[in-house]
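Presented below is the structure to which this report refers.
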Amino acid sequence: MLFEIKHRFSGSVLFSLETESLKLCVEAAVKGGADLGGAYLRGAYLGGADLGGAYLRGAYLRGADLGG
């Protein structure tokens, strides 16, 4: 399945990847050094995701599961 991480205001695609989950897409974006500033990640399940070094300034994370 194709997952796209979009900017919360402009709707432009910040990163996209064909993978099994949004969590894996976000991890790949972070690992690849993608700028996810302003990303719309409302309600995303990111529990246990490796977000070390992620640039998420201005990202919309309301309701996102960031546990672990």
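The values are calculated or read from the model by the stated rules, or taken from the named source; none is laboratory data. Quick caveat, the model's predicted, so the values are computed rather than measured. Glycine gets a Cβ as well: all are built from the backbone with ideal geometry, and neighbour counts include every protein chain shown. In case anyone asks, the SASA skips ligands and DNA or RNA and just uses the protein heavy atoms, side chains included. Shrake-Rupley method; radii C 1.70, N 1.55, O 1.52, S 1.80 Å.
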Residues with amide H under 5 Å from that of Phe15, placed H, sequence gap 5 or more | Ile5
Using heavy-atom solvent-accessible surface (probe 1.4 Å) with all chains present, what is the largest-first order of Val26, Val13?
-> Val13, Val26
Counting Lys and Arg as +1 and Asp and Glu as -1, each charge on the Cβ, what is the dipole of the chain about the Cα centre in debye, to the nearest 20?
-> 300
Subtracting the Cα-Cα distance of Asp50 and Arg62 from 0.36 nm times their residue separation yields 2.5 nm
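How many Å² of accessible area per residue for the chain, probe 1.4 Å?
Numbers: 4230 Å² over 68 residues.
Value for the chain: 62 Å² per residue.
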Karplus-derived 3J(HN,Hα), 6.51/-1.76/1.60, for each residue of region 14-25, Hz, glycine and proline x | 8, 6, 9, 7, 8, 7, 8, 7, 5, 4, 5, 5
Cα-based Rg of the chain normalised by 2.2 N^0.38 Å, two decimals = 0.97
Spin-label point model (7 Å from Cα, Cβ direction): what's the Lys6 to Asp35 distance in nm?
-> 2.0
By the scheme Lys and Arg +1, Asp and Glu -1, what is the net charge of all other residues having a beta-carbon under 11 Å from that of Gly37?
-> +1
